[in-house]
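Structure record follows, encoded as structure tokens.
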Amino acid sequence: MRTFERYLSRPVDPYEVQREFYFTRLAYSGHMYRGFAGSWSIDYPKADRQFMIGLKRLLDQLDAYDYDHALPATDPELYRFPFLYSVEVGYMALSPAEREALRRYLLAGGFWVIDDFWGSWEWANLERELSLLLPEYPIVELPLDHPIFHCFYDVEEILQVPNVGQGRYGGPTWEQDGFTPHVRGIFDEQGRLMVVINWNTDLGDAWEWAEDEWYPVRFSHYAYQMGVNFVVYAMSH
Amino acid sequence: MVGLFEFLFKYRPALFEEGRFTFVSPGWMQLAALLAGALLVIAAFTYRRMGSGASDRTAGAERLRWLPPVFRSLAIAVIVFCLLQPALVLSTVVPQETFVGVVVDDSRSMAMPDEASAADGTRAGAVLEALSIESGSMLDRLAERFQVRLLAFGRSAERIESTEQLRFARADSRIGEALVAAKDELAGLPLSGLVLFSDGADSAPAELGDALLTLKAAGTPVYTVGVGRPRLRKDIEVSRVVAPRRVLEGSTVEVEVTLSQTGFGGRTVDLEVEDDGRIVNVEQVTFPRGGSAVTARVMFAANDEGAREFRFQVAGQPGEDLLLNNERTALVEVLKRREKIFFFEGEPRDESKFLRRAVSQDENLHVVSMTRQAANKFYGMNFDEDTRRFEGFPTRREELFEYSGVILGSMEASFFTHDQMQMLVDFAAQRGGGVLLLGGRRAFSEGGFAGTPLAELSPVVLYDLPGDQGRPELMTDLRLELTPQGRAHPATLLRDDREEANELWPTLPSLSAYQRATELKAGGTALLQAESPMVSDPMIVLAHHRIGRGRAIAFTPHDSWHWQMSAEIPLEDQTHERLWRQMLRWLVSYVPDRIEIEADRDRFEPGSIVTLRATVRDEAFQEVNRAQVVAAIEQPSGEEVEVPLDWSVERDGEFVGTFTASESGLYRVEVDARTEGQLLGVATSRFAVDELNEELFGAARRDSVLKRIASETGGRQVELGQADRLVEDLSVSREGTLVREARDLWDMPILFLVLVALLGGEWAVRRRLGMA
């Protein structure tokens, strides 16, 4: 995973002081992405750090690591961090070793939030990857009365969060043919939510550009609400 | 000793106790006294004369000079005593005008082959020989002087015409009730006493004392004739089984089984646990070479709901005298209900998430949680329609006390008001709930518990950490190991097999903890510990202690969830789930309900009087005395009987009633408690009625029982074949048709021996003094 090392940002030793929570970004293998390798690192590390600033302010009892924290699925220490975040999974192409590690991680109790991928082509790629990863578990639409929408903030509506470019300039909120945002999930046999899929929306950009005066506050507001709810849900269910 | 006394004094001490001392010929007294006086004067004169003539005496001999007159005087006094004709005046029965009741134990324990004096070697054989009509038998000797009435007993005593009616097959023997029944049967007759032939095995549920008091008050002495050996040659017995009356379905049941033995020291036997014909555990037990009893702790899973009869048995060993005492059963009610546990967590943590997840599939545990996410913002989970909702930590006892257990996570003491802390202590001490203190950066000493009421809950010693210590240091790489107590505790049973479970612990991934708990409080027990290079002493990881009626447990690691996620642990492994299921079931085991009903035992003989005891408390667990409490008893036939229970007065909230259980089988009791027409609650319980064969346990002859019966009623214990003594004892009884009789004492051998000794002593001294 050369790309992982290339993109890795580690301003502070994350393990000098053990924390309860690390916002861990999955550094996966993938197809070429717009000429760059490493679609996992889109918006990294600023989105992660900026989300942590907001998260720690809103969940002031959470003992969280302040910075970004990326790990490949094959890292033997991955199990210590039961919360994972991924973006641009339309370009994800997991190796068999990654697939095995990630499957074990999810079935053992890990929680994976997927964000920022658009349209039917990218969906098809994720669906194919998930069918190899968790073939026995279907992807289902999460209804708005699911506790993940109410465990901290009450989210009454699924918004489509545009990328920074379109958000700043008031353009359309969608990309490609991803006109309608969805929040979908995968449950295990006991009804435990293992994977949350935010499709046709870009929460990461809303965190990353939340301080931008041109980026609409309602999108970043919503993105933080969703992000906080994901963390609260992950640490309580 | 008695034999020596009888040799010297002619009669047994018993006769001296019963009789009155007197002199038969008072007319001789003056003459005898005069004669004695004259002889004493002559003796004194003789010695004075001899003393004045002996001038060459040594100083030593001079000191002995006074002895001969003393010896002679005493000898004369003995002769005078004999001449006065001393006698013992006794009240003796008039032959054939007084009755004796012979009460024979007709129970099956009398068939045991441990009586060497009998031709067939059994206890029953010995009794039949003693009561045969042949000349010289005990019965024959009794019949020479008394009218004898035979009675046989098991549960009670009834008249029999001859020993041919004895079967020695009755299921139990209630000695006290039988003796009182025999006394009543012979009431109105001049009765010298009762003669009890028994091995002393008493299966009566009631204390023997009441019956003995009745006999004593009626002036009916009981003479006991013991049969059987005081100690069996070779026997193994399941003496005692201590099992919980109720457990949650799927729990590990821990039972203490005491095995006694004679003749099998050093032998290893299999103790089998059977649930409805299915063996659920086999424990190997080795008897100590020196001792006779050993207590084994047996654990097994109770997976089937309902009233279960667990059988604990040891296979018969070659040469064993008695096999029927090799098993016992215990009635355990396996409950399918959800015990409510309140989990209060001070910060979002993976430990609490995984803990809840580990028990989420356990239908018998309902964990309601409240987690602080932000200052004064809590996330409550698993509240349902039966659970009061509140925000944060309860402020009312009713809210907290509806739970059986409380888990306190990483929450600093300063969060709580003093009342809330005291309420949590009361939850354990008064309500009898279980409190589990989890490790975390804000728990225990690090959470400022020391010096607050919460410190009382901790089984480990807490330290007052001065000032702001900042973030506590995390101790990592803790390999957990079992303490000797932990090796046998159900909470640490992570596998079905105990040995396998004990070997598993050191292989589990290491954990970490913020708590440097190294010192147990008095009364605390440590089950798990760990070594850390950061601490010199072993760190206590899992410990518990009792707080009033409840218990508190401390578990200090903050990342046991690694045992769920770690790559070292296979996905299908259930170690983490089992750890928390076991721990939480332990936490809420034996926690009292608001309304409780219990029979005084779990098993009874048919016809027993069952005492039902209910405890009634209100929502705040305060005892209620003004309540209407009715127990509905469903009998094995399906018929229902209602028994009103009354306040016992002895204890607050305790209501008592009795019921006679005549049918064999399983009974169900449902108690309904109301106050001013309003339902306080209901509770159920079960008990079984069956032949218990209690007398087969401790089957050796119980001399202590026989001795007690004799001594408390004014009778005596007599050995088999001592017919003369028995007849004599009964003859001088204070009961029956009596006549006074004087027995001479002047010819007691002791008097002759004393006389010889005195005269011999005088002669020896005189010889020494050169006076002979």
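The values are calculated or read from the model by the stated rules, or taken from the named source; none is laboratory data. Predicted model only: the values in this text are computed from it and were never measured. For neighbour counting, all protein chains shown are included, and Cβ atoms are generated from backbone atoms with ideal geometry for every residue, glycine included. SASA here: full protein model, heavy atoms, side chains in, ligands and nucleic acids out. Shrake-Rupley method; radii C 1.70, N 1.55, O 1.52, S 1.80 Å.
The Cα center of the stretch B:242-276 and the Cα center of the stretch B:144-204 differ in position by 37 Å. Here B:Glu500 and A:Asp13 are evaluated by their C-beta separation; at R0 = 45 Å the FRET efficiency comes out at 0.65.
Stretching B:Glu568 away from B:Asp690 to a fully extended chain increases their span by 38.7 nm, per 0.36 nm per residue minus the current alpha-carbon distance. Calculate, in whole percent, how much of the Cα-Cα pair population of the stretch B:511-645 lies beyond 23 Å. The calculated P(r) of the stretch B:511-645 puts 60 percent of pairs beyond 23 Å. Sparsely packed loop sites in the stretch B:93-189 (the trypsin sites (Lys or Arg not before Pro) outside DSSP H, G, I, E and B with at most 15 other Cβ atoms within 10 Å) comprise B:Arg167. Debye-formula intensities of the stretch B:648-772, expressed as log10 I(q)/I(0) at q = 0.13 Å⁻¹, are -0.95 (one equal scatterer per alpha-carbon, no solvent). Kirkwood radius and radius of gyration were both taken over the C-alpha atoms of the stretch B:562-610, and their ratio Rg/Rh is 1.37.
Against chain B, whose longest principal axis is taken from its Cα atoms, helix B:575-588 shows a tilt of about 60°.
Within chain B, DSSP assigns beta bridges of which about 70% are antiparallel (rounded to the nearest 5).
Across chain A, the longest run free of exposed loop sites, meaning chymotrypsin sites (Phe, Trp or Tyr not before Pro) lying outside DSSP classes H, G, I, E and B with no more than 15 other Cβ atoms within 10 Å, spans A:16-168. Evaluated over the protein assembly as shown, the count of Lys pairs having alpha-carbon atoms less than 26 Å apart is 12 (only pairs 8 or more residues apart or interchain). Average accessible surface for chain A: 39 Å² per residue, computed with a 1.4 Å probe over protein heavy atoms with every protein chain in place. Assign one of three labels to the stretch B:118-235, namely rounded, prolate or oblate, based on the Cα gyration tensor with a ≥ b ≥ c the square roots of its eigenvalues; rounded applies when a/c is under 1.5, prolate when it is not and a/b is larger than b/c, and oblate otherwise. Oblate. Summary of the geometry: the stretch B:428-444 and the stretch B:584-634, compared by the centres of their Cα atoms, lie 26 Å apart.
Loop-located GluC sites (Glu not before Pro) in the stretch B:192-263 (DSSP state other than H, G, I, E, B) with a sparse environment of at most 15 neighbouring Cβ atoms within 10 Å: B:Glu207. The helix-based estimate of mean residue ellipticity at 222 nm for chain B, built from -39,500 (n - 2.57) per DSSP H run of four or more residues and divided by its residue count, is -7500 deg cm²/dmol to the nearest 500. Taking 0.36 nm per residue of sequence separation and removing the Cα-Cα distance, the B:Val282/B:Arg674 pair yields an extension gain of 136.5 nm. For the stretch B:335-373, a decrease in accessible area of 50 Å² or greater in the assembled protein chains relative to the isolated chain, with a 1.4 Å probe, applies to B:Pro348, B:Asp350, B:Lys353, B:Arg357, B:Gln373. Each other residue within a Cβ distance under 14 Å of B:Ala522 adds +1 if Lys or Arg and -1 if Asp or Glu, for a net charge of 0. Spin-label model, A:Ala93/B:Leu213: points 7 Å from Cα along the beta carbon direction are separated by 9.5 nm.
Most fluctuating residue of A:Gln225, A:Gln190, A:Gln160 in a GNM of chain A with Cα springs under 10 Å: which is it? So, out of A:Gln225, A:Gln190, A:Gln160, the one fluctuating most is A:Gln190. The simple Förster model, with R0 at 30 Å and r as the Cβ-Cβ distance, assigns A:Tyr67 and A:Asp212 a FRET efficiency of 0.90.
What's log10 of I(q)/I(0) for the stretch B:320-415 at q = 0.15, 0.16, 0.18 Å⁻¹, Debye sum over Cα points only, no solvent? Taking Cα atoms of the stretch B:320-415 as identical point scatterers yields -0.64, -0.71, -0.86.
Using the Cβ-Cβ distance between B:Arg267 and A:Asp188 with R0 = 60 Å, the FRET efficiency computed as 1/(1 + (r/R0)^6) comes to roughly 0.70. Mind checking the angle between helix B:175-185 and chain B's longest principal axis? C-alpha axes, 0 to 90 degrees, to the nearest 10. Compared with the principal axis, the helix lies near 50 degrees.
Principal axis extents of the C-alpha atoms in the stretch A:179-229 (largest first, rounded to whole Å): 45, 25, 14.
Between B:Thr525 and A:Ala124, the simple label model (points 7 Å from Cα in the Cβ direction) yields a spacing of 6.6 nm. Restricting attention to the protein assembly as shown, close to 70% of DSSP beta bridges with both partner residues there are antiparallel. Excluding B:Ala428 itself, calculate the net charge of residues whose Cβ lies under 11 Å from the Cβ of B:Ala428, where each Lys or Arg counts +1 and each Asp or Glu counts -1. With Lys, Arg at +1 and Asp, Glu at -1, the neighbours total +2. Once the Cα-Cα distance is subtracted from the 0.36 nm per residue extended length, the B:Phe21 to B:Ala315 segment shows a gain of 99.7 nm.
Each listed q (0.06, 0.10 Å⁻¹) maps to a log10 I(q)/I(0) for chain B, found by the Debye formula over equal Cα scatterers with no solvent: -0.60, -1.06. Below 12 angstrom from the Cβ of B:Arg766, what's the summed charge of the other residues (Lys, Arg +1; Asp, Glu -1)? Summing Lys/Arg as +1 and Asp/Glu as -1 gives +3. Shown here: the stretch B:247-314, whose C-alpha atoms stretch 41, 19, 15 Å along the first, second and third principal axes, sorted largest to smallest. Cα gyration tensor of the stretch B:416-520, axes a ≥ b ≥ c as square roots of the eigenvalues: rounded (a/c below 1.5), prolate (a/b > b/c) or oblate? Oblate, because a/c is 1.5 or more while a/b does not exceed b/c. For the stretch A:89-212, the fraction of C-alpha pairs more than 20 angstrom apart is 47%. Taking only the C-alpha atoms of chain A, the Rg (one decimal) and the largest Cα-Cα distance, Dmax (whole number), read 16.4, 45 Å. Under the classification rounded if a/c is under 1.5, otherwise prolate if a/b is larger than b/c and oblate if not, where does the stretch A:124-188 fall, given a ≥ b ≥ c as square roots of the Cα gyration tensor eigenvalues? Oblate is the answer for the stretch A:124-188, as a/c is 1.5 or above yet b/c matches or exceeds a/b.
Against chain B, whose longest principal axis is taken from its Cα atoms, helix B:67-83 shows a tilt of about 90°.
Placing a label point 7 Å from the Cα of B:Arg479 along the Cα-to-Cβ direction, the residues of the stretch B:503-523 whose backbone N falls under 13 Å from that point are B:504-511. Computed over the protein assembly as shown, the P(r) curve from all C-alpha pair distances, binned at 20 Å from the origin, holds 11, 28, 24, 17, 12, 6, 3, 0 percent per bin.
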